[in-house]
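What follows is one structure encoded as structure tokens, with my remarks underneath.
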Amino acid sequence: MIYNDSKTLLEVRGLRATVNGVEILKGLDFTVKSGEVHAIMGPNGSGKSTFAKVLAGHSAYEVTAGSVLFEGKNLFDLAPEERARAGVFLAFQYPIEIPGVANSQFLRLTYNTVQAQRGQEELDPLEFDDFVREKMKLLEMSPDFLGRSVNEGFSGGEKKRNEILQMALLDPRLAILDETDSGLDIDALRIVSQGVNQLANRHNAIVLVTHYQRLLNYIVPDFVHVMEAGRIIKTGDKSLALDLETRGYDWVAAERPAAAAVAVVA
Amino acid sequence: MSTVRSIRRPAAGYLETLMEGQPQLRASSRAWINALRAEAVRHLDTLTLPTLHDEAWRFTDISPLTRLWVRPVRSVSDLHAADIAQFHLEDATTRLIFVDGVYAPQLSSTITDDGVMVANLSSADAAQAAAIKPDLGRHAAFSDNVFAALNTAFLQDVALIVVPRNMTLAAPVHLLFIATQADVASHPRCLLVAESGSHMTLIEDYVALQDGAYFVNPVTEIALADRAHVKHIRVQRDSVKAFHIADCAVSLGRSSNYQSVTVALGAKISRYNLNVLLAEGAECAVDGLALIAGSQLADTHTSIDHAQPHGISRQLHKCIVGGSAHAVFNGKVMVRPGAQRTDSNQSSRNLLLTGKAQVDTKPQLEIFADDVKCAHGATIGQLDDDEVFYLKSRGLSDSVARSLLTYAFGAEIIDRIPVASLKRRLELRILEQTGSLP
């Protein structure tokens with residue numbers, strides 16, 4: 001939702017980043033205000049996931065130019081764990097499995113770590129159990145998931161629900177959902193989307209990175225951005241996603257050759 | 001300048017040092033025990049301590065042992081229940097406790113009824129002793145194994161477990177070997193006879209109440225008759241200055257089932273030889289974890305011998321190596337001619353935590369039958385950057401993220417331990433050792 005009195009949460013200017021010496025992000029500009037929902041779409045290899053990982057601080061990506069301010073502070077001054085504590089959350093496209101560590105143990109550890117850093121109350125195992133079960137209802141998750149090892153043997157949909165559960169626990173200001181819809185059947189997509197919608201409020205913002213318009217029927221974006229070759233080349237409202245669904249991506253790039261040329265010169 | 005790596009030979013005469021006190025052992029009242037000892041002594045005349053020249057010991061230099069001036073245990077430490085409460089496992093109601101290799105009846109809790117025997121050999125009656133005679137010393141070969149021969153030469157008492165036909169022992173049996181004295185050698189001996197159709201769980205646990213150097217040289221024999229089921233958990237948590245060299249021989253009868261989980265945490269140098277021999281349709285799962293740091297060395301040699309058809313074996317061996325420690329794994333799976341329809345899977349996975357940590361792993365498959373399904377593999381690596389990043393993106397510091405992943409790597413093995421109290425104890429120990437979760 002767009003609010004008149006909203007604060008700028010994220011301000012990305014001219015961001016360039018490389019992985020193994022190959023430039024993936026090539027001068028990206030992007031602004032997010034509190035309360036907003038943004039969708040970043042684009043073909044494979046356009047740099048969407050790279051952008052998400054750069055924001056979260058993955059060490060494999062080297063930022064070579066540009067700036068990112070998060071709530072007015074330089075995001076690159078913060079280590080990945082500090083960004084998480086400051087309120088940046090990335091829901092992974094491929095969440096890792098941790099056999100041997102109970103999900104409940106892991107969730108409580110991350111919750112308490114972040115709470116402590118924010119100077120807020122930590123929960124003992126019993127208190128946490130009540131708390132997390134409440135949050136799990138949001139995602140229609142069975143309490144069985146607490147006793148199982150983190151993501152081990154979870155289906156694609158179950159892993160994604162577990163990601164959104166972590167979002168619910170860590171209460172981020174900026175949640176970046178990297179292809180959270182991939183691998184979800186229609187029921188799981190509905191449940192995950194409902195969970196995200198309930199977590200969205202006027203103080204936080206959500207960035208959806210996705211290939212498909214389908215997700216946007218459930219989580220309605222205020223802005224849709226098209227990414228191509230490491231830059232955002234078009235921004236529109238939710239109707240842009242529908243255009244992309246019917247016409248593909250090629251017309252967007254063809255429509256703006258001049259802008260592309262300017263960016264290369266710059 | 002080039003350096004020549006010299007191979008240290010064990011000090012000449014060290015075997016004689018280890019044999020000190022053997023000739024003075026009190027003769028057993030059972031002639032066949034004396035004969036077994038004498039046979040071992042005869043073999044020792046021709047055996048020598050291994051060096052790096054011996055293929056089976058090429059990564060494990062035991063010369064530090066030869067600089068430890070050990071003597072036989074002379075005095076018995078007087079321990080009370082409170083002294084060893086920390087090792088107590090609630091779900092193991094039967095326990096045999098050996099202090100520096102000597103049976104401690106006041107601390108133990110035995111069973112000798114309904115044909116079940118969980119006791120030491122010395123307290124067995126003539127019939128009970130006669131019943132185990134065909135097994136004792138017959139599974140763990142000592143003609144070509146100097147350490148098994150030493151153990152047998154010193155054979156005095158035995159932790160003895162006999163489970164009669166079709167009987168199920170509901171509670172696990174805890175064999176606890178406590179080291180209380182430095183500079184001593186002990187030779188624990190265990191024998192488990194699981195008669196046909198019987199079920200039981202055995203915990204073999206080596207611990208220390210001091211942090212000195214000592215030598216412990218156990219031999220365990222496990223005989224499963226047809227359709228017997230045995231779960232065997234072996235925990236080696238000796239002092240980090242100790243030397244632990246152990247042999248375990250397991251014979252599986254037809255359609256029997258053996259599952260073992262071995263955990264090596266302690267000792268300066270440890271070696272575990274596990275030999276499993278499978279008859280037709282027998283099944284085994286042999287899993288292991290070595291978690292070492294500092295300058296520890298942990299060597300595990302296993303041999304799974306499919307001698308007959310339709311056998312199944314599964315093995316997952318993991319090493320977590322920190323500091324400048326060194327882990328060795330040699331896992332041989334043999335499929336003999338005629339052992340058709342063997343189904344075997346072996347995996348060695350290793351985690352190196354520092355640049356100085358070292359692993360030598362050698363999974364080995366030798367197949368002499370043509371209709372089999374066998375797979376093996378080995379991985380050696382460091383923590384995965386993407387996994388560390390995932391945890392950091394959830395607010396965990398780099399060190400907590402790494403500890404948690406290290407813990408998880410080991411916990412996969414600990415999870416397979418079927419005794420809740422022991423599992424919990426080891427989880428805490430490993431958490432502590434990997435400096436992880438609160």
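The values are calculated or read from the model by the stated rules, or taken from the named source; none is laboratory data. Predicted model, so just to flag it, every value in this text is computed and none were measured. Glycine also receives a Cβ, built like all others from the backbone with ideal geometry; neighbour counts cover every protein chain displayed.
So that you can scan it fast, the table gives a plain yes or no per residue for (1) in the same structural domain as residue B:141 (by TED's automatic domain parsing); (2) over 23 Å from residue B:263 (Cβ atoms); (3) in contact with a Ser or Thr (Cβ under 7 Å, 6 or more places away or on another chain):
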position: B:303; (1), (2), (3): no, no, no
position: B:308; (1), (2), (3): no, yes, no
position: B:313; (1), (2), (3): no, no, yes
position: B:325; (1), (2), (3): no, no, yes
position: B:336; (1), (2), (3): no, yes, no
position: B:349; (1), (2), (3): no, no, yes
position: B:355; (1), (2), (3): no, yes, no
position: B:358; (1), (2), (3): no, no, no
position: B:366; (1), (2), (3): no, yes, no
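Examine region A:41-56 for a residue that is under 18 Å from residue A:11 (Cα atoms), aliphatic (A, V, I, L, M) and not in a helix (DSSP H, G or I), and state whether such a residue exists. Within region A:41-56 (the criterion being under 18 Å from residue A:11 (Cα atoms), aliphatic (A, V, I, L, M) and not in a helix (DSSP H, G or I)), the answer is no, since none of the residues qualifies. What are the residues in region A:81-113 that are within 17 Å of residue B:428 (Cα to Cα), more than 8 Å from every other protein chain (Cβ to nearest Cβ) and part of a strand (DSSP E or B), if any? Residue satisfying the conditions is A:102 alone. Of the set (1) farther than 19 Å from residue A:45 by Cα; (2) not in a strand (DSSP E or B), all apply to residue A:181 but (1).
Filtering B:149, B:141, B:179 for residues that are modelled with pLDDT under 95 and closer than 28 Å to residue B:56 by Cα leaves a single hit, B:141. Select from region A:58-80 the residues that are among the small types (Gly, Ala, Ser) and within 11 Å of chain B (Cβ to nearest Cβ) and list them in ascending order. A:59, A:60, A:79, listed by residue number. Residues that are among the β-branched types (Val, Ile, Thr) and more than 8 Å from chain A (Cβ to nearest Cβ) were ranked within region B:400-418; the one that is farthest from the chain's Cα centre (by Cα) is B:406. Only residues that are part of a loop (DSSP other than H, G, I, E, B), more than 20 Å from residue B:285 (Cβ to Cβ) and either more than 7 Å from chain A (Cβ to nearest Cβ) or of a type in the set (Gly, Ala, Ser) (or both) were counted in region B:419-438, giving 4. For region A:90-103, the tally of residues that are free of Cβ contacts under 8 Å to residues at least 60 places away in the same chain and crowded, with 19+ Cβ neighbours inside 10 Å stands at 4. Restricting the first member to region B:241-254 and to residues that are part of a loop (DSSP other than H, G, I, E, B), and the second to residues that are surrounded by fewer than 24 Cβ atoms within 10 Å (Cβ to Cβ) and among the hydroxyl-bearing types (Ser, Thr, Tyr), the beta-carbon pairs closer than 8 Å and six or more apart or on different chains are B:253/B:196. Put simply, of A:14, A:87 the only residue that is at positive phi and surrounded by 18 or more Cβ atoms within 10 Å (Cβ to Cβ) is A:87.
Does region A:127-134 include one or more residues that are in contact with a Pro (Cβ under 8 Å, 6 or more places away or on another chain), within 12 Å of chain B (Cβ to nearest Cβ) and either among the hydroxyl-bearing types (Ser, Thr, Tyr) or not in a loop (DSSP other than H, G, I, E, B) (or both)? No, region A:127-134 contains no residue that is in contact with a Pro (Cβ under 8 Å, 6 or more places away or on another chain), within 12 Å of chain B (Cβ to nearest Cβ) and either among the hydroxyl-bearing types (Ser, Thr, Tyr) or not in a loop (DSSP other than H, G, I, E, B) (or both). What residue, of B:391, B:351, is assigned to a helix (DSSP H, G or I), within 14 Å of another protein chain (Cβ to nearest Cβ), at pLDDT 95 or above and in contact with a helix residue (DSSP H, G or I) (Cβ under 6 Å, 6 or more places away or on another chain)? None of the other options fit; the residue is B:391.
In the set A:157, A:153, only one residue is assigned to a helix (DSSP H, G or I), modelled with pLDDT under 95 and not aromatic (Phe, Trp, Tyr); that residue is A:157. Looking at A:202, A:190, A:173, A:214, just one residue is among the basic types (Lys, Arg), over 18 Å from residue B:390 (Cα atoms), surrounded by fewer than 23 Cβ atoms within 10 Å (Cβ to Cβ) and within 14 Å of chain B (Cβ to nearest Cβ), and that residue is A:173.
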